[in-house]
Amino acid sequence: MATAAAPAGAVRPERADATAWIAVAAGALGALLATLDISIVNSALPTIQGEIGATATEGTWIATAFLVAEIVIIPLSAWLERLLGLRTLLLIAVVGFTGFSILCGVATDLTTMIIGRTGQGFLGGALIPTAMTIVAKRLPPQQQPIGMALFGMTVILGPVLGPLLGGWLTENLSWHYAFFVNVPVCALLLILLLLGLPHERTNWVYLREADWFGILGMILGLGGLTVVLEEGHREEWFESSLIVQLTIVTVIGFVMLGIGQIRAAKPVLKLRIVLNRQFGSVVVMALALGMVMYGSMFVIPQFLALIADYNALQTGQVIFLMGVPAFVLMPIVPFLIRVVDIRVAVGAGLAIMAISCFASTSLTAESAGEAFTAGQLLRGVGMILTMLFLNQATIASVSSEDAGDASGIFNAARNLGGSFALAALASFQDQRMWLHSRRMEETLWASDPLLQEYLAGMSHALGSPQAAFQALAGTIQQQAFVMTYNDIFWAMAVATLATLPLVLFLRPLPKGLSLAMH
């Protein structure tokens, strides 16, 4: 999502030719593939753990490894593109992604699976920011809103389509196909890249003059932070020596990144642009976007599994509802981008996302998938408006020479928002569960005639007083779960609304600005 003014004297056609649209299709397909693989294995995770002999705790690394590698590569993509050239970078990424997908599909042990998922994340992550690069390089300005709409739709559809596709493949075929399905898609993607993108010469000067201090610091800092956020709750945070060690690594990494910002002539990532109030606001809103998007995808499957007893496929169908507005709005989004003020669109998107969370704050123990229908559809509308117009806001917030760095920071912030949400929601969930359970237990008195009558009836029905007490404990636990999930949606709504005033710092995209990338 970086921009630069078109080179002096360059004449860009008013309408893109067929090869340009082939390149845009390749970028969109690559972004869809990369975002899809974030969540496609989640539905199959219990089955995978059983077949490769991993415990539930060990199995979480199958998802975490992908996220860590992806968050590291996204900000590095702009530098790698300048070094290798766009087509070469993407060809390497797609071939490598295919190989690591096959490795995951044939894995019979946890180590092999984690190696495969790490490779998938590292190479697949490069496909996300470069999709916007293709739009800006290959399309003339007046047609770029169409490419932006296509890109935004794929970034939203990938995570919501993943659970549905993964659940269907696991239920009807095998979990192996959640990885093997990438092979034919990657073959098509390679053909599109070869047809749609011109070859660019490798520029080795970027390797000789690289900010290695900053690169290593970014890998350690972002990688360590993501693992801490993803695994901290399960490891009981700083009671775990692993989390303590990774926190130290994270701090060292960010210190190295900071040193690179000061010492390097060309830092690997120009972080000082975050101090720009417009772009800084965009980054904060990107964090909020990631929190709601990935937070809802974390909470809803839990609720449906624990309360409504949904299987992976049924849960995937509910999650997919969030992607429906992307199909409906796709034809009019390019028009909206041209005529609607960024501040109005982003403000409306954030407000709709908050309303979507409020719509899910009245859950009961009888609630099932249909209780989330309105919220999911509203959330999809809010995501489309916020995502696509924040892309535009990024363009308007930084100078052309800083646009590549802005792209990496924006995409990394969205993913980090998801990691922050998962870490915060896991801890918040435990605290609210304990609070609601204790409050309900405090209202029960052993001498209460109604309680004695209830337990007597349950004892008669279940055959023993012990079974009656267990049933009562189960009811308390279930009600505490429901109240906790209502609290979580309230918290996400309030957090989203808190970012709403930041839209005042945004400014409209200047008329006629060319989005051509470095």
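The values are calculated or read from the model by the stated rules, or taken from the named source; none is laboratory data. It should be emphasised that the depicted structure is a prediction, and the values quoted were computed from it without experimental measurement. Cβ: placed from backbone, ideal geometry, glycine included. Neighbour counts: every protein chain shown.
Name the residue, out of Ile191, Ile248, that is hydrophobic (A, V, I, L, M, F, W, C), surrounded by fewer than 20 Cβ atoms within 10 Å (Cβ to Cβ), assigned by TED's automatic domain parsing to the domain that holds Val72 and free of Cβ contacts under 8 Å to residues at least 40 places away in the same chain.
Working: Ile248 fails: assigned by TED's automatic domain parsing to the domain that holds Val72.
Exactly one residue qualifies, and that residue is Ile191.
Looking at region 404-421, is at least one residue closer than 30 Å to Leu506 by Cβ, of a type in the set (Ser, Thr, Tyr) and within 18 Å of the chain's Cα centre (by Cα)?
Yes.
All but one of (1) assigned to a helix (DSSP H, G or I); (2) crowded, with 17+ Cβ neighbours inside 10 Å hold for Ser360, so report the exception by its number.
Failing condition for Ser360: (1).
Somewhere in region 266-273, is a residue in contact with a Pro (Cβ under 9 Å, 6 or more places away or on another chain), under 22 Å from Leu67 (Cβ atoms) and modelled with pLDDT under 85?
Within region 266-273, one or more residues are in contact with a Pro (Cβ under 9 Å, 6 or more places away or on another chain), under 22 Å from Leu67 (Cβ atoms) and modelled with pLDDT under 85.
Residue by residue, here is whether (1) under 23 Å from the mean Cα position of the chain (by Cα); (2) without any contact (Cβ under 8 Å) to a residue 60 or more places away in the chain holds:
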residue: Ile40; (1), (2): yes, no
residue: Ala54; (1), (2): no, yes
residue: Gly59; (1), (2): yes, yes
residue: Leu84; (1), (2): no, no
residue: Thr88; (1), (2): no, no
residue: Thr118; (1), (2): yes, yes
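Yes or no: region 61-83 includes at least one residue that is farther than 28 Å from Leu192 by Cα and acidic (Asp, Glu).
The answer is no; no qualifying residue exists.
From the list Tyr294, Tyr310, which one is under 25 Å from Met492 (Cβ atoms) and either in the same structural domain as Thr154 (by TED's automatic domain parsing) or in a loop (DSSP other than H, G, I, E, B) (or both)? Even if it seems obvious, please write down each step before you answer.
Values: Tyr294 fails: either in the same structural domain as Thr154 (by TED's automatic domain parsing) or in a loop (DSSP other than H, G, I, E, B) (or both).
Of the residues listed, the single one that is under 25 Å from Met492 (Cβ atoms) and either in the same structural domain as Thr154 (by TED's automatic domain parsing) or in a loop (DSSP other than H, G, I, E, B) (or both) is Tyr310.
Has region 383-398 got at least one residue that is assigned to a helix (DSSP H, G or I) and either modelled with pLDDT of 90 or more or out of contact with any helix residue (DSSP H, G or I) (no Cβ under 8 Å at 6 or more places or on another chain) (or both)?
no
Restricting to helices (runs of 4 or more DSSP H) lying wholly in region 54-142: which have 3 or more residues that are crowded, with 19+ Cβ neighbours inside 10 Å and in the same structural domain as Met297 (by TED's automatic domain parsing)? Can you show your working first?
Details: elements: 56-84, 86-106, 110-124, 129-138.
It comes to none.
Give region 162-176 a look and list any residue that's touching a residue at least 60 places away in the same chain (Cβ under 8 Å) and either under 16 Å from Gly50 (Cα atoms) or in contact with a helix residue (DSSP H, G or I) (Cβ under 6 Å, 6 or more places away or on another chain) (or both), or say none.
Listed by number, the residues that qualify are Gly162, Pro163, Leu164, Gly166, Gly167, Trp168, Leu169, Thr170, Glu171, Trp175, His176.
Return the pairs, sorted by first residue and then second, in which the second residue is among the polar types (S, T, N, Q) and surrounded by 15 or more Cβ atoms within 10 Å (Cβ to Cβ), the first residue lies in region 365-378 and is on the phi < 0 side of the Ramachandran plot, the beta carbons are less than 7 Å apart, and the residues are 6+ apart or on different chains.
Ala365/Gln479; Gly369/Gln314; Phe372/Ser360; Gly375/Ser356; Gly375/Ser360; Leu378/Ser356
If we scan region 436-451, do we find a residue that is part of a helix (DSSP H, G or I), at pLDDT below 70, touching a Pro at 6+ places or on another chain (Cβ under 8 Å) and not polar (S, T, N, Q)? Working first, answer last.
Of the residues in region 436-451, the ones part of a helix (DSSP H, G or I) are 436-442, 449-451.
Restricting the remaining residues to those that are at pLDDT below 70 gives 451.
With the extra rule that they be touching a Pro at 6+ places or on another chain (Cβ under 8 Å), the set shrinks to none.
No.
Looking at region 407-421, I want the residues that are closer than 17 Å to Gly152 by Cβ and have a partner that is among the hydroxyl-bearing types (Ser, Thr, Tyr) and assigned to a helix (DSSP H, G or I) with Cβ atoms under 6 Å, at least 6 apart or on another chain. Which pairs are those?
Phe410/Thr394; Gly418/Tyr294
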